[in-house]
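See below for the structure under consideration.
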Amino acid sequence: MNNIKAILDREVNSRDSHFELSYDRPDPLLVASRYTDESIALICALFAYGNAKQIVKFLDSLDFSLLDRSEDNIRVGLSKHYYRFQKSQDIVALFIALKRLREIDTIENIFYSGYKKEFNILDGLWVFIDTLKKIYSYESRGYNFLVGSIPKRVNSAGTYKRYMMFLRWMVRADSLDMGLWSKIDKRDLIMPLDTHTFQVSLKLGLLRRKTYDMRASLELTERLREFDKNDPIKYDFALYRLGQESLI
């Protein structure tokens, strides 16, 4: 494991650069990092599924200033937008929900209200999802996929990769991550496990669980804490790129 740690540490250091984010090497963080805004970052994270170039192309098409305009303006401004599972109504619903939310409280404060009890990121996430759904009542297949739901059992839950990635952006601060939040400790973050990271982690022996789920995310996070107990998720971007670029 010492050899693997050395490899990953080199990858982390070499990739800690804004040059990692470009249209030649697309990532939703490329768009999110243009703004110092947690709501815009969350939109970028929630749409981060599918082909990376298509994700960035879609995010570039969005007028984020609509978050500060009327709900009627949002409906008109996004009436022709769609992305994979999401129709225009689903995108409108997310913008309206976040607009209403930012008029009441910050996303950070809502996450923190659940997190602070036991310093558990997932507790914060459940509070946030519940709050988001209550502030604007809307249901559809595309919208439910986008914002997620609270699982009956955490062990059987999915990885919530897009939310975990958003939290990495918000909590950590380096040349890539935005570090806009101060109330949540980076040591408590959970690995944003996607298929690239999952396969690379299996190949490196960092992960034993063969099922792609929250238990795998938690197992990998615990293993990475052995490398850096105060910042285990610093390895996320490096592992992701190693898989995306087929280097392992």
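The values are calculated or read from the model by the stated rules, or taken from the named source; none is laboratory data. All of these numbers come straight from a predicted model, not from anything done at the bench. Because the Cβ atoms are built from the backbone with ideal geometry, glycine has one as well, and the counts that use them run over all protein chains shown.
Please work out which one of (1) in a helix (DSSP H, G or I); (2) in contact (Cβ under 8 Å) with a residue 40 or more places away in the chain; (3) among the basic types (Lys, Arg) is the condition ARG223 fails and give its number.
All conditions are met except number (2).
Would you point out the residue of the stretch 213-248, among those that are under 17 Å from LEU167 (Cα atoms) and of a type in the set (S, T, N, Q), that is surrounded by the most Cβ atoms within 10 Å (Cβ to Cβ)?
Ranking the candidates gives SER217 first.
If you check every pair at least six apart or on different chains, which have Cβ atoms under 6 Å apart with a residue in the stretch 138-155 that is under 20 Å from ALA48 (Cβ atoms) and among the hydrophobic types (A, V, I, L, M, F, W, C) first and a residue that is modelled with pLDDT under 95 and part of a loop (DSSP other than H, G, I, E, B) second?
Pairs found: PHE145/PHE85.
Of these, THR131, THR106, which one is surrounded by fewer than 21 Cβ atoms within 10 Å (Cβ to Cβ) and touching a residue at least 60 places away in the same chain (Cβ under 8 Å)?
Criteria check complete, one pass: THR106.
Pick out, from the stretch 82-188, the helices (runs of 4 or more DSSP H) lying fully within it that include 2 or more residues that are under 21 Å from THR36 (Cα atoms) and touching an Asp or Glu at 6+ places or on another chain (Cβ under 8 Å).
It comes to 88-102, 107-115, 161-171.
Does SER175 fit the bill of being in contact (Cβ under 8 Å) with a residue 12 or more places away in the chain, more than 30 Å from SER88 (Cα to Cα), exposed (fewer than 14 other Cβ atoms within 10 Å of the Cβ) and of a type outside the set (Asp, Glu)?
yes
Which residue is farthest from MET1 (Cα to Cα), if the candidates are limited to the stretch 189-203 and must be assigned to a helix (DSSP H, G or I) and touching a residue at least 12 places away in the same chain (Cβ under 8 Å)?
Here the residue is THR195.
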